[in-house]
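First comes the structure, then the notes that go with it.
The values are calculated or read from the model by the stated rules, or taken from the named source; none is laboratory data. Everything numeric in this text was worked out from a predicted model, so none of it was measured. FYI the Cβ positions are ideal-geometry reconstructions off the backbone, even for glycines, and counts take in every protein chain you see. Surface accessibility is based on the protein's heavy atoms, side chains included, excluding ligands, DNA and RNA. Shrake-Rupley method; radii C 1.70, N 1.55, O 1.52, S 1.80 Å.
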Amino acid sequence: MKVLVTGASGFIGSHACLELLNAGHEVVGFDNFSNSSPESIERVKTLSGKPMRLVKLDLRDPDGLDALIGEGFDAVMHFAGLKAVGESVEKPSLYHDNNVLGTHHLLAAMERTPCRKLVFSSSCTVYGAVEKNPVDERHPRSAVNPYGKTKLDVEDMCYELAAEDKRWKIALLRYFNPVGAHESGRIGEDPQGVPNNLMPYVMQTAVGRREFVNVWGGDYPTHDGTGVRDYIHVVDLALGHVAALDKLDSFKGAQAVNLGTGRGYSVLELIAAAAKAAGKSIPHKIMPRRPGDAPAVWADASLAKKKLGWTATRDLDQMCADAWRWQTGNPAGYGAADVRA
Ligand code: NAD
Ligand code: UFG
């Protein structure tokens with residue numbers, strides 16, 4: 001298929017482009033490089049040995065979208081978006097403009113062409129305060145911050161569109177906690193500033209860029225008192241997108257599917273696995289809980305298996321080993337090659 005990938009040079013988008021190329025798809029990507037570097041796609045081209053066009057374009061540029069989408073695509077994979085929860089609390093209208101209005105422009109541009117196939121990056125954040133684990137797709141949805149609200153709004157936009165026009169086939173992929181890197185160590189997560197998420201913070205501590213890991217809360221009702229999450233290897237996640245694309249014809253309108261492993265690990269378990277991968281101990285201190293964090297969240301991943309024929313196969317040790325290879329091989333991320341806006 002000829003696939004347009006938005007947010008192509010970002011963490012998950014770059015891994016998805018690589019797996020799409022490996023699966024034989026023709027890929028065109030765009031990004032505004034607000035949180036990524038075009039260097040990731042240079043490396044994707046080298047890793048795949050295949051050509052791929054990357055265009056600088058903003059989701060909020062309707063004319064630019066019309067021109068690009070008008071070239072004709074079989075499907076769109078939509079990763080572009082802002083994702084920092086804290087920033088979304090400070091700048092909710094920026095998040096609405098970028099993620100919700102930006103997606104509105106994208107869908108409107110698609111409607112001016114015959115293309116009605118979409119794979120969208122949703123998140124388990126749409127489950128709000130999780131009531132019961134494992135979480136399946138029927139769990140009630142709610143927004144606990146403006147970022148989460150943008151995911152709910154885009155999901156709703158997709159449900160409404162698909163109800164109006166039966167030609168739409170939309171996979172709303174709800175990711176749990178994506179981590180790791182491609183096993184080559186050439187592409188990976190390149191967060192700006194102090195990482196908010198656990199894995200990059202742990203990796204930066206292991207290389208000595210941070211003094212110790214703050215373990216947010218040691219008194220949760222979990223087996224060791226620390227928060228439990230469903231970490232999923234980014235390559236498994238990327239393969240889940242390729243599987244969703246292959247199965248889109250079987251979708252009835254817009255449908256949500258969890259992408260997780262179905263298994264939860266605690267913060268201390270992740271730190272221990274990362275220490276094993278790095279071959280050194282990783283200093284950490286138990287601190288007060290981080291406001292807004294759930295004690296434990298993990299996926300019921302059975303729908304993905306049934307509907308997409310996909311399951312995650314890479315375990316926590318591999319997630320940490322690959323994240324470590326990326327971190328040590330690229331201590332400054334895409335570094336000098338990074339020309340982000
Ligand atoms: P990322 O920041 O690495 O990638 C997003 C990309 O979109 C970046 O390259 C950024 O420059 C680009 N972008 C942002 N706004 C744009 C705009 N207006 N026009 C064009 N490009 C724009 O983040 P990621 O981790 O790869 O996340 C990809 C998607 O998955 C996002 O929609 C995110 O919300 C979603 N998601 C991520 C996680 C996670 O933990 N990483 C979890 C659930 C869902
Ligand atoms: N944690 C620490 N120390 C840190 C960072 C995190 O102890 O320095 C803990 C958290 O308390 C939590 C776990 O590690 O128990 C995971 O935290 P992350 O920040 O890595 O991930 P979250 O589960 O909080 O949220 C992430 C994204 C959200 C997204 C969600 C589901 O940040 O945007 O995954 O996809 F919605």
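Accessible area per residue for the range 51-186, computed on protein heavy atoms with a 1.4 Å probe, is 44 Å².
Relative contact order of the range 94-225: 23 percent, from C-alpha pairs under 8 Å at least 6 residues apart in sequence.
For the pair Ser250 and Gln192, what calculated FRET efficiency results from E = 1/(1 + (r/R0)^6), where r is the Cβ-Cβ distance and R0 = 41 Å, to the nearest 0.05?
Working: r = 39 Å, r/R0 = 0.94.
Once the sixth-power term is evaluated, E becomes 0.60.
Computed from Cα positions, the angle between helix 11-22 and the longest principal axis of the chain comes to roughly 60 degrees.
Among Ala171, Tyr127, Val100, whose Cα sits farthest toward the positive end of the charge dipole of the range 91-173 (+1 at Cβ of Lys/Arg, -1 at Cβ of Asp/Glu, about the Cα centre)? It is Ala171, whose Cα lies furthest towards the positive end. Can you bin the range 188-246 into rounded, prolate or oblate? Criterion: square roots of the alpha carbon gyration tensor eigenvalues sorted a ≥ b ≥ c, rounded for a/c under 1.5, prolate for a/b above b/c, oblate for the rest. Oblate, because a/c is 1.5 or more while a/b does not exceed b/c.
Would you please give the FRET efficiency between Asp156 and Ala67, computed as 1/(1 + (r/R0)^6) with r the Cβ-Cβ distance and R0 = 35 Å, to the nearest 0.05? Given R0 = 35 Å and the Cβ-Cβ separation, E is 0.80.
At a 1.4 Å probe radius, carbon and sulfur cover how many percent of the accessible area of the chain?
Values: 7330 of 14150 Å².
Carbon and sulfur together cover 52 percent of it.
Taking 0.36 nm per residue of separation and subtracting the Cα-Cα distance, full extension of the segment from Arg167 to Ser184 would add 2.2 nm. Its alpha carbons give the chain an Rg and a Dmax of 19.1, 56 Å. The modelled label-to-label distance between Asn22 and Ala143, using points 7 Å beyond Cα along the C-beta direction, is 3.6 nm. Mean residue ellipticity, 222 nm, helices only, the chain: the sum of -39500 (n - 2.57) across DSSP H runs of n ≥ 4, divided by residue count and rounded to 500, is -10500 deg cm²/dmol. Once C-alpha pairs closer than 8 Å and six or more residues apart are averaged by separation and normalised to the residue number of the chain, the relative contact order reads 20 percent. For the chain, modelled as a Gaussian network with Cα springs under 10 Å, which listed residue fluctuates most, Leu237, Leu161, Leu316? Its mean-square fluctuation being the largest, the pick is Leu161.
When the chain is treated as a GNM with alpha-carbon contacts under 10 Å, the residue of Trp326, Trp216, Trp168 showing the greatest mean-square fluctuation is Trp216. Note: relative contact order over the range 155-217, using C-alpha pairs below 8 Å and six or more positions apart, is 15 percent. Pairing the Cα long axis of helix 234-247 with the longest principal axis of the chain, what angle in degrees results, from 0 to 90 and rounded to the nearest 10? It is inclined by approximately 30 degrees.
The C-alpha atoms of the chain define a longest principal axis, and helix 39-48 lies at about 80 degrees to it.
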